[in-house]
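S.K.: The structure's right below; bear with me while I get my questions together.
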Amino acid sequence: MTIEVSGCLPYMSHEDLSNESDVILMGNIKEILPSKWNTPDGKRPTDVIEDLDHNDLIYTDIVVNVDQYLKNPFSEKEVIVRTIGGNDGYICMSVDYEPSFKIDEKVLLYLREDTYAATRDVGFEHFVVTGGMQGKFGLTDDGKAIGWSETVSLEELLETI
């Protein structure tokens, strides 16, 4: 069964992304952890799908190896980035405004503290991507940063941070 979540995000410029992010980093995706529900045990809160409400969510944590912090450096060389959505083996929650990740992908990420009541206190210390998919740029070997709606030079993007 698939639950599709759709939303409308306000447009964020590169400067907006930078200003509203707690941390900005470049790194690569090390691991995509198994999806969990936002319950204390990580399991589906009910077997009756109709009893799920808007606070019942599947989330997926992404482990990022940090190559360089561009804003507010931490001593940690790995950070956890949380996205809403995933698959528990029976239910797939698909969220159209969340970024997707692939293992070994090189990225520049604009991150902020998770302030969403349904996930902020669940599991590991983590961040969320600022502006949803707008805050993730895939990095190419030839110096390009590929966002959800644009491709810019990495140099141009770095000038806005």
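The values are calculated or read from the model by the stated rules, or taken from the named source; none is laboratory data. The structure displayed is predicted, hence computed values, not measured ones. Here the Cβ is made from the backbone with ideal geometry for all residues, glycine too, and neighbour counts use every protein chain on show.
S.K.: Under 13 Å from the mean Cα position of the chain (by Cα), aliphatic (A, V, I, L, M) and modelled with pLDDT under 95, is that true of VAL81?
M.R.: In short, no.
Conditions tested, residue by residue: (1) exposed (fewer than 14 other Cβ atoms within 10 Å of the Cβ); (2) farther than 20 Å from ASN55 by Cβ.
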site	(1), (2)
ILE80	no, yes
GLY85	no, no
SER94	no, no
TYR97	no, no
ALA117	yes, no
LEU139	no, yes
THR151	yes, yes
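S.K.: Looking at segment 16-41, which of the residues that are over 12 Å from GLN134 (Cβ atoms) and acidic (Asp, Glu) is surrounded by the fewest Cβ atoms within 10 Å (Cβ to Cβ)?
M.R.: ASP41
S.K.: Give segment 14-45 a look and list any residue that's part of a loop (DSSP other than H, G, I, E, B), at pLDDT 95 or above and out of contact with any Asp or Glu (no Cβ under 9 Å at 6 or more places or on another chain), or say none.
M.R.: GLU20, SER21
S.K.: Of (1) under 13 Å from the mean Cα position of the chain (by Cα); (2) modelled with pLDDT of 95 or more; (3) over 18 Å from ILE32 (Cβ atoms), LEU109 satisfies all except one. Which?
M.R.: If we test LEU109 against (1) under 13 Å from the mean Cα position of the chain (by Cα); (2) modelled with pLDDT of 95 or more; (3) over 18 Å from ILE32 (Cβ atoms), just (3) comes out false.
S.K.: Among the residues of segment 114-149, how many are farther than 14 Å from ASP61 by Cα and in contact with a strand residue (DSSP E or B) (Cβ under 9 Å, 6 or more places away or on another chain)?
M.R.: Number satisfying all stated conditions: 20.
S.K.: Under 6 Å between Cβ atoms, at least 6 apart or on separate chains: pull out the pairs that start in segment 133-161 with a residue that is within 17 Å of GLU15 (Cβ to Cβ) and end on any residue that is aromatic (Phe, Trp, Tyr).
M.R.: Once the first residue is within 17 Å of GLU15 (Cβ to Cβ) and sits in segment 133-161, its partners that are aromatic (Phe, Trp, Tyr) give GLY135/TYR110; ALA145/PHE137; GLY147/PHE137.
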